[in-house]
1. Any idea which residue in region 43-76 is most open to solvent (accessible area, probe 1.4 Å), counting only those that are outside any helix (DSSP H, G or I) and among the hydrophobic types (A, V, I, L, M, F, W, C)?
2. Of the residues that make up region 10-27, is at least one open to solvent by 40 Å² or more (accessible area, probe 1.4 Å), assigned to a loop (DSSP other than H, G, I, E, B) and either touching a helix residue (DSSP H, G or I) at 6+ places or on another chain (Cβ under 6 Å) or not aliphatic (A, V, I, L, M) (or both)?
3. Checking Leu31 against (1) modelled with pLDDT of 90 or more; (2) over 12 Å from the mean Cα position of the chain (by Cα); (3) part of a helix (DSSP H, G or I), only one condition comes out false. Which one?
4. Name the single residue, out of those in region 28-38 being under 19 Å from Lys91 (Cα atoms) and not basic (Lys, Arg), that is most open to solvent (accessible area, probe 1.4 Å).
Amino acid sequence: MNSKSLKTVDEAVNHIITDMPLDEKVRIARLSREELASLKLTLRAYVHNRLEESGLNEELRESCMAVAGEEFDKDGTSAVIIDALWERLSKTHGLRLVG
């Protein structure tokens, strides 16, 4: 999928997850919200680079602002996508207790 065609937060998360190694998915899924906050600078650079390979577009930025309920710059776009990525991975790749 070309980054230019990404129009929503969900599409961006899907795009990032597609190429992410399983161990990274699990590692992110296991983070607490506090741990995620401490890694946001590193993750922000990774996400931003992944999405900017073909150019971040205005539609994706607007989708992120709609999710966040506020206006922001490209760093804010990455932050919204990181939160959505973490939420998705927490549901799909987090450890679950089985009884």
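The values are calculated or read from the model by the stated rules, or taken from the named source; none is laboratory data. Note that this is a predicted model, so its numbers are computed, not measured. Glycine gets a Cβ as well: all are built from the backbone with ideal geometry, and neighbour counts include every protein chain shown. When the accessible area is computed, the model is the full protein with side chains, heavy atoms only, and any ligands, DNA or RNA have been set aside. Shrake-Rupley method; radii C 1.70, N 1.55, O 1.52, S 1.80 Å.
1. Leu56
2. Looking for residues that are open to solvent by 40 Å² or more (accessible area, probe 1.4 Å), assigned to a loop (DSSP other than H, G, I, E, B) and either touching a helix residue (DSSP H, G or I) at 6+ places or on another chain (Cβ under 6 Å) or not aliphatic (A, V, I, L, M) (or both), one finds at least one in region 10-27, hence yes.
3. Here Leu31 clears every test but (3).
4. As a first pass, look at region 28-38 and keep what is under 19 Å from Lys91 (Cα atoms): 28-37.
The next check asks that each one be not basic (Lys, Arg); those that pass are 28-29, 31-32, 34-37.
Details: Ile28: 13, Ala29: 13, Leu31: 28, Ser32: 41, Glu34: 137, Glu35: 88, Leu36: 2, Ala37: 65 Å².
Filtering region 28-38 for residues that are under 19 Å from Lys91 (Cα atoms) and not basic (Lys, Arg), the one most open to solvent (accessible area, probe 1.4 Å) comes out as Glu34.
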